[in-house]
């Protein structure tokens, strides 16, 4: 059940990186996020996470916004460019450093990989590709003589982080064991996703994060950071991702096609059908020259009924 009448007003968000146009997978996430906000009578924000220039594609930001508008997924405030507020991340790092909660790391990727290989962690070869090996703590007590700081890492204490995911149920992760001290500022000087997303969600007053299940493993780290910085913690809902023919998450890297040029209702119904197959509901049918907003209103009611969201439409 999800009755938000006694809670802080709902604020959701969709936060794509501008690494290319929207494809079927990103549309499914955007639609789920939008429907959840509308079903709760809340606000829906768009944030472009453009702080990793090497991965970004020229024109992608405008393409993403154009596609959302064409699909009828309208936002409730001016879209935020993450790069316009980099000082937020600097202030957060300074706060963590003042509290002794971060430290400089001089390790290269190769050194970390070699160190991790030498531990011979027991990981099934079938799971090797997706396994996260924890940072061994090489620089935790200080940089070795002659070494220079490359990245900054969060000092993670042994503890189990638990939370309830609205789709995936109870989750628990011991970050210190499964991930270790993780990077908050990268060796190339760019801000790590884990820090940036926490700071911007808090700054925008986001109460509910609805995103793909591929990010479920990041949530415990983000909750740790929020707690260390004294920030509010959003509720989380991780949606089933769309898979490519090879069974991997559909992405631009494995040839996902842009939805531009496809009829809007067709794109939306395909996204809703994917979500419904995994979450237990039927997508509203598309009939004739049905207005886009009419279909979205039906989809919103379907979502509200499935997740027990009680409000008057």
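Rule-based calculations on the coordinates, nothing more; no lab input. Keep in mind that this is a model prediction, so the values were computed, not measured.
Once you order the gyration tensor axes a ≥ b ≥ c over the Cα atoms, which shape class does the range 4-102 get: rounded for a/c under 1.5, otherwise prolate or oblate by comparing a/b with b/c? Judged from the Cα gyration tensor, the range 4-102 comes out oblate (a/c at least 1.5, b/c at or above a/b). By DSSP, the beta bridges lying fully in the chain are antiparallel in about 55 percent of cases. Computed over the range 146-292, the alpha-carbon pair-distance distribution with 5 angstrom bins reads 2, 8, 13, 15, 16, 15, 12, 8, 5, 3, 1, 1, 0, 0, 0, each value a whole percent. Gyration tensor analysis over the Cα atoms of the chain returns equivalent ellipsoid semi-axes of 36, 21, 20 Å (largest first, whole Å). Of 43, 211, 140, the residue with the greatest mean-square motion in the GNM of the chain, using alpha carbon springs below 10 Å, is 140.
Can you classify the range 237-313 as rounded, prolate or oblate using the Cα gyration tensor, where a ≥ b ≥ c are the square roots of its eigenvalues, rounded means a/c under 1.5, and otherwise it's prolate if a/b beats b/c and oblate if not?
Verdict is oblate for the range 237-313.
Per-residue ellipticity at 222 nm, computed for the chain from helices alone with -39500 (n - 2.57) per DSSP H run of at least four residues, works out to -10500 deg cm²/dmol.
Kirkwood radius and radius of gyration were both taken over the C-alpha atoms of the range 146-218, and their ratio Rg/Rh is 1.01. For the chain, the relative contact order is 25 percent, taking Cα pairs closer than 8 Å that sit 6 or more residues apart in sequence and dividing their mean separation by the residue count.
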